[in-house]
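Each remark here refers to the structure printed beneath this line.
The values are calculated or read from the model by the stated rules, or taken from the named source; none is laboratory data. For clarity, every value in this text was computed on a predicted model and none was experimentally measured. Glycine gets a Cβ as well: all are built from the backbone with ideal geometry, and neighbour counts include every protein chain shown.
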2 protein chains.
Amino acid sequence: MTVARPTGDELVEMLAALANPIRLRIIATLAGGRDYVSHLAREIGISRPLLHMHLQRLEAAGLVLGSLELSEDGKAMKYFEVTDFDLHLTASELARAASTLTSPDPRKGPPRKEQT
Amino acid sequence: MTVARPTGDELVEMLAALANPIRLRIIATLAGGRDYVSHLAREIGISRPLLHMHLQRLEAAGLVLGSLELSEDGKAMKYFEVTDFDLHLTASELARAASTLTSPDPRKGPPRKEQT
DNA sequence: GTCATGTGTAAGAAAAAGCTGACATATGAA
DNA sequence: TTCATATGTCAGCTTTTTCTTACACATGAC
């Protein structure tokens, strides 16, 4: 698998990327075979710039992979495909990932003051 | 397991709930044993209202469960614990989930017009 | 050249999420 | 009563995310 035990930060990025209906549809569509941006946009029914943004998000998380290719008639086509990620989410697995989080651990910052 | 094959909507909600460092820490902490709100807030190092919001989000997604109990000295304590969720995320599993999404399928709305 | 296709990107509006501070209620103990 | 604990919730600010519109460039076909 591409990433079986991501760090806490990687995991958050992957989960955030997947937690969106449109991006879920993109993954679902690409799971049926690779496709290029403009066609995929028509397929899913969203604007190309919007799809572009979502693909960026998915690629940054390592869930899809894009490759620029030249078609026979010389046009630049960017094909995307899903990577073979495999995430197993349980409480203990999340606890393991959380231990590697680099995000600001509030206990190390200035003390919280709660109204008494 | 609590929810092994959630619908697309449920999955999006669960993923969104998990895609946050603080909520990941909450899950991790609760994975070590149940705890009540005020103590958990001190443990993690965030304000109680903020924790309250995050717990709401997690509980709505079915990832934690809260139960109001009375301590020996009569105080109302809300204890939270993690549910035994088990999510398996692969492209094909996501494709299955995506097929049950109820969110606006753009292809059924008014046609997109892209600059030609 | 013009048209249709493909690509990328930037600006700004609109919507959602995140967070704080303050308020409210309740209990037992001193 | 006053203090310290517990709970819940609301208003409003800040930040992030989402989305559209508009621009840019390139290619082959006509």
Quiz item: With (1) facing chain B (nearest Cβ under 7 Å); (2) within 15 Å of DNA strand D (Cβ to nearest atom) as the list, and A:Glu72 as the residue in question, which single condition is left unmet?
Solution: (1)
Quiz item: Just checking, how many residues over the range B:52-69 are near DNA strand D (Cβ under 9 Å from one of its atoms) and either buried (at least 16 other Cβ atoms within 10 Å of the Cβ) or over 10 Å from the mean Cα position of the chain (by Cα) (or both)?
Solution: 5
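If I ask for residues that are of a type in the set (Gly, Ala, Ser), away from DNA strand D (no atom under 13 Å from the Cβ) and under 17 Å from A:Ala97 (Cα atoms), which ones from the range B:1-32 would you list? Lay out the reasoning, then the answer.
Taking the range B:1-32 as the starting set, the residues that turn out to be of a type in the set (Gly, Ala, Ser) are B:4, B:8, B:16-17, B:19, B:28, B:31-32.
If we keep only those that are away from DNA strand D (no atom under 13 Å from the Cβ) too, we end up with B:4, B:8, B:17, B:28, B:31-32.
B:Ala17, B:Ala28, B:Ala31, B:Gly32 - these are the residues of the range B:1-32 that are of a type in the set (Gly, Ala, Ser), away from DNA strand D (no atom under 13 Å from the Cβ) and under 17 Å from A:Ala97 (Cα atoms).
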Quiz item: Within the range B:31-41, is even one residue β-branched (Val, Ile, Thr) and surrounded by 18 or more Cβ atoms within 10 Å (Cβ to Cβ)?
Solution: no
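With the structure loaded, tell me whether B:Arg107 is at pLDDT below 95, more than 16 Å from DNA strand C (Cβ to nearest atom), at the interface with chain A (Cβ under 7 Å from one of its Cβ atoms) and under 17 Å from A:Ala41 (Cα atoms) or whether it fails that test.
Working: at pLDDT below 95: yes; more than 16 Å from DNA strand C (Cβ to nearest atom): yes; at the interface with chain A (Cβ under 7 Å from one of its Cβ atoms): yes; under 17 Å from A:Ala41 (Cα atoms): yes.
Criteria met by B:Arg107.
So, in the range B:9-60, how many residues would count as being at positive phi and facing chain A (nearest Cβ under 9 Å)?
The initial filter retains those residues of the range B:9-60 that are at positive phi, namely B:33, B:45.
Of the ones still in play, those that are also facing chain A (nearest Cβ under 9 Å) are B:45.
The number of residues fulfilling the criteria is 1.
Sort out which residues of the range A:49-83 are charged (D, E, K, R) and at pLDDT 95 or above, and write them in order of number. Full working, then the answer.
Kept after step one, since they are charged (D, E, K, R), are these residues of the range A:49-83: A:57, A:59, A:69, A:72-73, A:75, A:78, A:81.
Scanning the range A:49-83 gives A:Arg57, A:Glu59, A:Lys78, A:Glu81.
Tally the residues that are polar (S, T, N, Q) and either in contact with a Pro (Cβ under 7 Å, 6 or more places away or on another chain) or within 16 Å of B:Leu94 (Cα to Cα) (or both), restricting the search to the range A:3-46. Steps first, answer last, please.
Let us first name the residues in the range A:3-46 that are polar (S, T, N, Q), namely A:7, A:20, A:29, A:38.
Now restrict to residues that are either in contact with a Pro (Cβ under 7 Å, 6 or more places away or on another chain) or within 16 Å of B:Leu94 (Cα to Cα) (or both): A:20, A:29.
Counting residues in the range A:3-46 that are polar (S, T, N, Q) and either in contact with a Pro (Cβ under 7 Å, 6 or more places away or on another chain) or within 16 Å of B:Leu94 (Cα to Cα) (or both) gives 2.
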